[in-house]
(Lines give C-alpha, C1' and ligand atoms only; values in the text may rest on other atoms or scores of the structure.)
Protein backbone atom coordinates (compact mmCIF):
# COMPACT_ATOMS: atom_id res chain seq x y z
CA UNK A 1 0.00 0.00 0.00
CA UNK A 2 1.34 3.45 -0.91
CA UNK A 3 2.03 5.85 1.91
CA UNK A 4 -1.08 8.02 2.60
CA UNK A 5 0.94 11.08 3.51
CA UNK A 6 3.85 13.07 2.07
CA UNK A 7 7.39 11.76 2.28
CA UNK A 8 8.37 14.59 4.60
CA UNK A 9 6.13 13.04 7.27
CA UNK A 10 7.64 9.56 7.08
CA UNK A 11 9.87 9.09 10.11
CA UNK A 12 12.37 6.41 11.01
CA UNK A 13 11.19 3.24 12.68
CA UNK A 14 10.81 3.75 16.42
CA UNK A 15 9.63 7.34 16.14
CA UNK A 16 6.06 8.20 17.05
CA UNK A 17 3.22 10.52 16.07
CA UNK A 18 0.60 11.77 18.51
CA UNK A 19 -2.60 11.05 16.57
CA UNK A 20 -6.36 11.34 16.67
CA UNK A 21 -9.28 10.82 14.28
CA UNK A 22 -11.63 13.71 13.63
CA UNK A 23 -14.24 15.22 11.34
CA UNK A 24 -13.12 18.61 10.04
CA UNK A 25 -15.39 21.67 10.12
CA UNK A 26 -15.82 23.94 7.08
CA UNK A 27 -15.20 27.68 7.24
CA UNK A 28 -18.85 28.71 7.80
CA UNK A 29 -19.04 26.42 10.85
CA UNK A 30 -15.77 27.83 12.18
CA UNK A 31 -17.26 31.33 11.79
CA UNK A 32 -20.40 30.23 13.63
CA UNK A 33 -18.32 28.76 16.47
CA UNK A 34 -16.28 31.97 16.70
CA UNK A 35 -19.51 33.96 16.97
CA UNK A 36 -20.63 31.83 19.92
CA UNK A 37 -17.22 32.14 21.56
CA UNK A 38 -17.33 35.94 21.23
CA UNK A 39 -20.66 36.09 23.07
CA UNK A 40 -19.28 34.06 25.95
CA UNK A 41 -15.98 35.97 25.97
CA UNK A 42 -17.85 39.24 26.37
CA UNK A 43 -19.78 37.91 29.34
CA UNK A 44 -16.96 36.18 31.21
CA UNK A 45 -13.69 37.47 32.66
CA UNK A 46 -10.50 36.67 30.73
CA UNK A 47 -9.29 34.27 33.41
CA UNK A 48 -12.45 32.16 33.22
CA UNK A 49 -11.60 30.19 30.09
CA UNK A 50 -8.99 29.06 27.58
CA UNK A 51 -10.68 29.34 24.20
CA UNK A 52 -10.16 26.82 21.43
CA UNK A 53 -8.71 28.21 18.21
CA UNK A 54 -11.51 28.18 15.65
CA UNK A 55 -9.02 27.31 12.92
CA UNK A 56 -8.45 24.01 14.70
CA UNK A 57 -12.13 23.25 15.30
CA UNK A 58 -12.96 19.60 14.76
CA UNK A 59 -15.16 16.79 16.05
CA UNK A 60 -12.93 14.12 17.59
CA UNK A 61 -13.96 10.50 17.15
CA UNK A 62 -10.92 8.79 18.66
CA UNK A 63 -7.79 9.96 20.46
CA UNK A 64 -4.99 7.50 19.73
CA UNK A 65 -2.03 9.07 21.51
CA UNK A 66 1.43 7.93 20.41
CA UNK A 67 1.53 5.60 17.40
CA UNK A 68 4.79 4.28 15.97
CA UNK A 69 5.38 5.76 12.52
CA UNK A 70 6.02 2.35 10.96
CA UNK A 71 2.42 1.32 11.84
CA UNK A 72 0.63 4.33 10.39
CA UNK A 73 0.09 2.86 6.91
CA UNK A 74 -1.61 -0.19 8.45
CA UNK A 75 -3.64 2.07 10.74
CA UNK A 76 -4.84 4.07 7.73
CA UNK A 77 -5.69 0.91 5.79
CA UNK A 78 -7.77 -0.58 8.59
CA UNK A 79 -9.52 2.66 9.47
CA UNK A 80 -10.34 3.31 5.81
CA UNK A 81 -11.93 -0.14 5.63
CA UNK A 82 -14.09 0.78 8.64
CA UNK A 83 -15.09 4.15 7.11
CA UNK A 84 -15.74 2.90 3.59
CA UNK A 85 -19.30 1.59 4.17
CA UNK A 86 -20.56 4.95 5.50
CA UNK A 87 -22.15 7.51 3.18
CA UNK A 88 -21.28 11.22 3.57
CA UNK A 89 -22.69 12.46 6.88
CA UNK A 90 -25.17 15.34 7.09
CA UNK A 91 -24.17 17.16 10.29
CA UNK A 92 -25.61 20.11 12.18
CA UNK A 93 -24.90 22.07 15.34
CA UNK A 94 -27.72 21.45 17.81
CA UNK A 95 -26.92 23.06 21.18
CA UNK A 96 -24.48 23.78 23.97
CA UNK A 97 -23.22 21.44 26.66
CA UNK A 98 -20.71 21.06 29.46
CA UNK A 99 -18.36 18.39 30.78
CA UNK A 100 -18.83 17.04 33.35
CA UNK A 101 -22.05 19.06 33.91
CA UNK A 102 -23.43 22.61 34.13
CA UNK A 103 -22.99 22.85 37.91
CA UNK A 104 -19.29 22.05 37.71
CA UNK A 105 -18.31 23.00 34.14
CA UNK A 106 -14.79 22.25 32.96
CA UNK A 107 -15.40 22.13 29.19
CA UNK A 108 -17.86 24.16 27.11
CA UNK A 109 -18.91 22.64 23.79
CA UNK A 110 -21.43 22.71 20.96
CA UNK A 111 -23.20 19.47 20.21
CA UNK A 112 -23.38 17.95 16.73
CA UNK A 113 -26.02 15.59 15.38
CA UNK A 114 -26.78 13.79 12.13
CA UNK A 115 -30.41 13.02 11.21
CA UNK A 116 -29.46 9.55 9.96
CA UNK A 117 -27.89 8.63 13.34
CA UNK A 118 -24.68 7.42 11.70
CA UNK A 119 -22.22 9.29 13.92
CA UNK A 120 -22.33 6.85 16.81
CA UNK A 121 -22.05 3.89 14.44
CA UNK A 122 -18.98 5.51 12.86
CA UNK A 123 -17.52 6.13 16.31
CA UNK A 124 -17.97 2.46 17.22
CA UNK A 125 -16.41 1.35 13.95
CA UNK A 126 -13.33 3.53 14.49
CA UNK A 127 -12.99 2.35 18.10
CA UNK A 128 -12.79 -1.25 16.89
CA UNK A 129 -10.51 -0.58 13.91
CA UNK A 130 -7.95 1.45 15.85
CA UNK A 131 -7.75 -0.51 19.10
CA UNK A 132 -4.68 -2.57 18.04
CA UNK A 133 -2.72 0.65 17.38
CA UNK A 134 -3.23 2.55 20.62
CA UNK A 135 -2.57 2.20 24.32
CA UNK A 136 -5.45 4.61 25.01
CA UNK A 137 -8.44 2.79 26.54
CA UNK A 138 -11.56 2.41 24.44
CA UNK A 139 -14.25 4.93 25.37
CA UNK A 140 -17.52 3.62 26.80
CA UNK A 141 -19.78 6.38 25.49
CA UNK A 142 -19.83 9.05 22.82
CA UNK A 143 -21.06 12.65 22.82
CA UNK A 144 -20.57 14.27 19.41
CA UNK A 145 -19.23 17.76 20.11
CA UNK A 146 -16.82 20.52 19.16
CA UNK A 147 -14.95 22.07 22.09
CA UNK A 148 -15.34 25.84 22.52
CA UNK A 149 -13.34 26.37 25.71
CA UNK A 150 -11.72 24.76 28.72
CA UNK A 151 -13.08 26.46 31.80
CA UNK A 152 -11.32 27.41 35.00
CA UNK A 153 -13.02 27.39 38.38
CA UNK A 154 -15.63 30.13 38.61
CA UNK A 155 -17.40 31.98 41.36
CA UNK A 156 -21.19 31.82 41.67
CA UNK A 157 -21.88 35.06 39.69
CA UNK A 158 -19.80 33.76 36.77
CA UNK A 159 -21.52 30.37 36.86
CA UNK A 160 -24.92 32.07 36.84
CA UNK A 161 -23.90 34.20 33.84
CA UNK A 162 -22.64 31.09 32.03
CA UNK A 163 -25.92 29.29 32.72
CA UNK A 164 -28.03 32.20 31.45
CA UNK A 165 -26.04 32.41 28.22
CA UNK A 166 -26.24 28.68 27.58
CA UNK A 167 -29.99 28.63 28.27
CA UNK A 168 -30.50 31.38 25.66
CA UNK A 169 -28.47 29.62 22.96
CA UNK A 170 -30.38 28.59 19.85
CA UNK A 171 -28.49 26.96 16.99
CA UNK A 172 -28.93 28.66 13.63
CA UNK A 173 -30.55 26.32 11.03
CA UNK A 174 -27.75 27.33 8.64
CA UNK A 175 -25.15 25.70 10.87
CA UNK A 176 -24.98 22.41 8.99
CA UNK A 177 -22.51 20.72 6.65
CA UNK A 178 -21.68 17.48 4.85
CA UNK A 179 -18.72 15.44 6.09
CA UNK A 180 -17.29 13.45 3.19
CA UNK A 181 -14.29 11.96 4.97
CA UNK A 182 -12.56 11.33 8.29
CA UNK A 183 -9.16 12.88 8.97
CA UNK A 184 -6.22 11.19 10.66
CA UNK A 185 -4.67 14.11 12.52
CA UNK A 186 -1.22 14.66 13.95
CA UNK A 187 -1.04 16.78 17.10
CA UNK A 188 2.26 18.50 17.89
CA UNK A 189 2.52 20.09 21.33
CA UNK A 190 4.45 23.30 21.99
CA UNK A 191 4.48 26.15 24.54
CA UNK A 192 2.26 28.08 22.10
CA UNK A 193 -0.33 25.29 22.12
CA UNK A 194 -1.10 22.23 20.01
CA UNK A 195 -0.74 22.33 16.22
CA UNK A 196 -2.94 19.89 14.30
CA UNK A 197 -2.15 18.61 10.81
CA UNK A 198 -4.17 16.18 8.68
CA UNK A 199 -1.88 13.40 7.45
CA UNK A 200 -4.52 11.18 5.83
CA UNK A 201 -8.10 11.58 4.54
CA UNK A 202 -10.36 8.56 4.80
CA UNK A 203 -13.40 9.01 2.52
CA UNK A 204 -16.93 7.83 3.19
CA UNK A 205 -17.88 5.87 0.07
CA UNK A 206 -21.18 4.28 1.08
CA UNK A 207 -20.11 0.87 -0.23
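The values are calculated or read from the model by the stated rules, or taken from the named source; none is laboratory data. Here the structure is a predicted model, which is why all the values come from computation and not from measurement. Using ideal geometry, Cβ is built from the backbone for each residue, glycine included, and neighbour counts are taken over all protein chains shown.
Table: residues versus (1) within 19 Å of residue 58 (Cα to Cα); (2) outside any loop (DSSP other than H, G, I, E, B); (3) touching a strand residue (DSSP E or B) at 6+ places or on another chain (Cβ under 7 Å); (4) modelled with pLDDT of 95 or more.
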residue: 161; (1), (2), (3), (4): no, yes, no, no
residue: 171; (1), (2), (3), (4): yes, no, yes, no
residue: 184; (1), (2), (3), (4): yes, yes, yes, yes
residue: 200; (1), (2), (3), (4): yes, yes, yes, yes
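Right, residue 5: within 20 Å of residue 196 (Cα to Cα), modelled with pLDDT under 95 and within 21 Å of the chain's Cα centre (by Cα) or not?
Numbers: within 20 Å of residue 196 (Cα to Cα): yes; modelled with pLDDT under 95: yes; within 21 Å of the chain's Cα centre (by Cα): yes.
When the stated conditions are applied, residue 5 passes them.
Please determine whether any residue of the range 27-42 is in contact with a strand residue (DSSP E or B) (Cβ under 7 Å, 6 or more places away or on another chain), surrounded by 17 or more Cβ atoms within 10 Å (Cβ to Cβ), modelled with pLDDT of 95 or more and outside any helix (DSSP H, G or I).
No.
Out of the residues in the range 45-95 meeting the condition of being in a loop (DSSP other than H, G, I, E, B) and out of contact with any helix residue (DSSP H, G or I) (no Cβ under 6 Å at 6 or more places or on another chain), tell me which one is farthest from residue 133 (Cα to Cα). Write out each step before concluding.
So the first thing to find is which residues in the range 45-95 are in a loop (DSSP other than H, G, I, E, B), and the list is 45, 52-53, 57, 84-88.
Narrowing further to those that are out of contact with any helix residue (DSSP H, G or I) (no Cβ under 6 Å at 6 or more places or on another chain): 45, 52-53, 84-85, 87-88.
Details: 45: 41, 52: 28, 53: 28, 84: 19, 85: 21, 87: 25, 88: 25 Å.
Only one residue tops the list, namely 45.
Looking at the range 99-106, is at least one residue surrounded by fewer than 19 Cβ atoms within 10 Å (Cβ to Cβ) and touching a strand residue (DSSP E or B) at 6+ places or on another chain (Cβ under 6 Å)? It would help to see each step written out before you state the result.
Of the range 99-106, the ones surrounded by fewer than 19 Cβ atoms within 10 Å (Cβ to Cβ) are 99-104, 106.
Within this subset, residues satisfying the condition of being touching a strand residue (DSSP E or B) at 6+ places or on another chain (Cβ under 6 Å) are 99, 106.
Yes, the range 99-106 contains a residue that is surrounded by fewer than 19 Cβ atoms within 10 Å (Cβ to Cβ) and touching a strand residue (DSSP E or B) at 6+ places or on another chain (Cβ under 6 Å).
Name the residue, out of 151, 96, 122, that is in contact (Cβ under 8 Å) with a residue 60 or more places away in the chain and within 14 Å of residue 22 (Cβ to Cβ).
Numbers: 151 fails: within 14 Å of residue 22 (Cβ to Cβ); 96 fails: within 14 Å of residue 22 (Cβ to Cβ).
Among 151, 96, 122, only 122 is in contact (Cβ under 8 Å) with a residue 60 or more places away in the chain and within 14 Å of residue 22 (Cβ to Cβ).
So residue 136 ticks every box in (1) assigned to a loop (DSSP other than H, G, I, E, B); (2) within 19 Å of residue 95 (Cβ to Cβ); (3) in contact with a strand residue (DSSP E or B) (Cβ under 6 Å, 6 or more places away or on another chain) but one. Which box is left unticked?
Condition not satisfied by residue 136: (2).
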